[in-house]
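The structure under discussion appears below in the form of structure tokens.
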Amino acid sequence: MNSFTSVHAVPDLPALLEAALEVKAQPLQWNELGRNRTLGLVFFNSSLRTRLSTQKAALNLGMNTLVVNVGTETWKLELQDGAVMDGDTVEHIKEGAAVIAAYCDIVAVRAFASLTDKAADTSEHTLEQFRRYAQKPLLSLESATRHPLQSFADLITIEEIRRREKMTRRPKVVLSWAPHPKALPQAVPNSFAEWMRRADVDLVITHPEGYELDEQFTKGAQILHNQDEALHDADFVYAKNWSAFNDGNYGTMLLPATDRSWTITGDKMRLTNNGKFMHCLPTRRNVEVADEVLDSASSLVLHQAQNRVVAAQTILKQMLEDLKEG
Ligand code: SN0
């Protein structure tokens, strides 16, 4: 695997899942593979799990890491081609990305959606500038439209539970919109939907009207506007807030966070088939999900967070193997 910015980089998903379970069973088995290799982690946005789990994954493979927070620790980067830089941006991404890349073997980037410029977000402007000017294998740490390492960790988690609980049917997985005080990107739900459609599960997506996601990620999934109906008989409930994607309302919240009718509560979970609760974290307690759910035995959120290391390590391992051959 040369670069990893979406599930489209994965030719064989069941094989990748098996590779992840192998990594999980023996995390230090490949601790020489990354020797003298450097992973650069570039953050345009905040991070807790992604930052630490990806560094931990690199350490398990014997790699070195360089971490940089753009803007606060670097010069403010200019992202527009042809810009006349007489304002507050100090260095163009052409030089910035190329310099970072010169110090690294693999470049990892987090660049959220702006939620104001739909065209730039949809075209993955920042990530693609990095791809172009870094000229190094590229790893997404959540881009404008996707969060593939999160979705991979989510899939590993579902697979482990499916095996542990000896589920015989295809699991019913429900992705539910949840309220939030701030408008958030669509990257996590887009990516989750895209991965689940490739996985051996039945995916149902539920959200209030107006929160339709980009069809390229959801096509084929059942979409319901009635959350209770969607939750019926679910094996996994994945809650996430996202802002509107459609043209007139792009990046905005249509419902106030004070409307808690979509909050995942114990009563909502009782509609499921003894379902497990999932969230990528961070989550706003008692807005997206009630304490009683997050603190219950049905919550998989810490299991998912642990699997972030496994997902990152499995991908980095394949990228390192590719570097070695190349
Ligand atoms: C990010 C998002 O894409 O929704 C990262 C999730 C992994 N979440 C946030 O930015 C949360 C911010 C907040 O104010 O709760």
Kindly evaluate Thr50 against the criterion of being more than 30 Å from Trp30 (Cβ to Cβ), modelled with pLDDT of 95 or more and hydroxyl-bearing (Ser, Thr, Tyr). no
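May I ask you to list the residues in the stretch 287-306 that are touching a residue at least 40 places away in the same chain (Cβ under 8 Å), more than 20 Å from Ala234 (Cβ to Cβ) and in a helix (DSSP H, G or I)?
First pass over the stretch 287-306, keeping only residues touching a residue at least 40 places away in the same chain (Cβ under 8 Å): 287-289, 300, 303-305.
When the remaining residues are screened for being more than 20 Å from Ala234 (Cβ to Cβ), the result is 287, 305.
Passing the criteria: only Ala305.
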Look at His232 and say whether it is modelled with pLDDT of 95 or more, in contact with a Leu (Cβ under 8 Å, 6 or more places away or on another chain), over 22 Å from Thr122 (Cα atoms) and not small (Gly, Ala, Ser). yes
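Say whether the condition of being within 19 Å of Glu128 (Cα to Cα) and crowded, with 17+ Cβ neighbours inside 10 Å is met by at least one residue in the stretch 53-75.
Pass one, the stretch 53-75, residues within 19 Å of Glu128 (Cα to Cα): 68-71.
Narrowing further to those that are crowded, with 17+ Cβ neighbours inside 10 Å: 70.
Yes - at least one qualifying residue is present in the stretch 53-75.
Do the conditions hold for Pro137, that is, is it of a type outside the set (A, V, I, L, M), touching a Ser or Thr at 6+ places or on another chain (Cβ under 6 Å) and buried (at least 24 other Cβ atoms within 10 Å of the Cβ)? Talk me through it step by step, then tell me what you get.
On the way: of a type outside the set (A, V, I, L, M): yes; touching a Ser or Thr at 6+ places or on another chain (Cβ under 6 Å): yes; buried (at least 24 other Cβ atoms within 10 Å of the Cβ): no.
In short, no.
From the set of residues in the stretch 269-286 that are crowded, with 18+ Cβ neighbours inside 10 Å and within 9 Å of the ligand (Cβ to nearest atom), which is nearest to Tyr238 (Cα to Cα)?
Kept after step one, since they are crowded, with 18+ Cβ neighbours inside 10 Å, are these residues of the stretch 269-286: 269, 272, 275-280, 283.
Imposing the further condition that a residue be within 9 Å of the ligand (Cβ to nearest atom) reduces the set to 280, 283.
On the way: Cys280: 8, Thr283: 12 Å.
Result: Cys280.
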Residue hits (the stretch 89-115; touching a residue at least 60 places away in the same chain (Cβ under 8 Å) and either of a type in the set (Asp, Glu) or under 21 Å from Gln216 (Cβ atoms) (or both)) are Asp105, Ala111, Phe112, Ala113, Ser114, Leu115
Out of the residues in the stretch 28-70 that are in a helix (DSSP H, G or I) and among the aliphatic types (A, V, I, L, M), which is nearest to Lys136 (Cα to Cα)? Ala58
Looking at the stretch 162-171, is at least one residue within 14 Å of the ligand (Cβ to nearest atom) and either more than 19 Å from Trp195 (Cα to Cα) or touching a strand residue (DSSP E or B) at 6+ places or on another chain (Cβ under 7 Å) (or both)? no
All but one of (1) within 16 Å of the ligand (Cβ to nearest atom); (2) at pLDDT 95 or above; (3) more than 20 Å from Arg146 (Cβ to Cβ); (4) surrounded by fewer than 18 Cβ atoms within 10 Å (Cβ to Cβ) hold for Pro256; state the number of the condition that does not hold. (2)
Pairs, please: C-beta under 9 Å, at least 6 apart or cross-chain, first residue in contact (Cβ under 8 Å) with a residue 12 or more places away in the chain and of a type in the set (Phe, Trp, Tyr) and in the stretch 162-189, second within 16 Å of the ligand (Cβ to nearest atom) and in a helix (DSSP H, G or I)? Trp177/Pro189
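Taking strands (runs of 3 or more DSSP E) that do not extend beyond the stretch 91-203, which have at least 2 residues that are at pLDDT 95 or above, under 14 Å from the mean Cα position of the chain (by Cα) and within 26 Å of Val67 (Cβ to Cβ)?
Values: elements: 106-110, 138-140, 172-177.
Those strands (runs of 3 or more DSSP E) span 106-110, 138-140.
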Every residue from the stretch 195-213 that is more than 15 Å from the ligand (Cβ to nearest atom) and not hydrophobic (A, V, I, L, M, F, W, C): Arg197, Arg198, Asp200, Asp202, Thr206, Pro208, Glu209, Gly210, Glu212
(1) buried (at least 22 other Cβ atoms within 10 Å of the Cβ); (2) more than 16 Å from the ligand (Cβ to nearest atom): which one isn't true of Ser143, the others all being true? (2)
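The values are calculated or read from the model by the stated rules, or taken from the named source; none is laboratory data. As the structure is a prediction and not an experimental result, all values here were calculated from the model. Cβ sites come from the backbone with ideal geometry, for glycine too, and all protein chains shown count toward neighbours.
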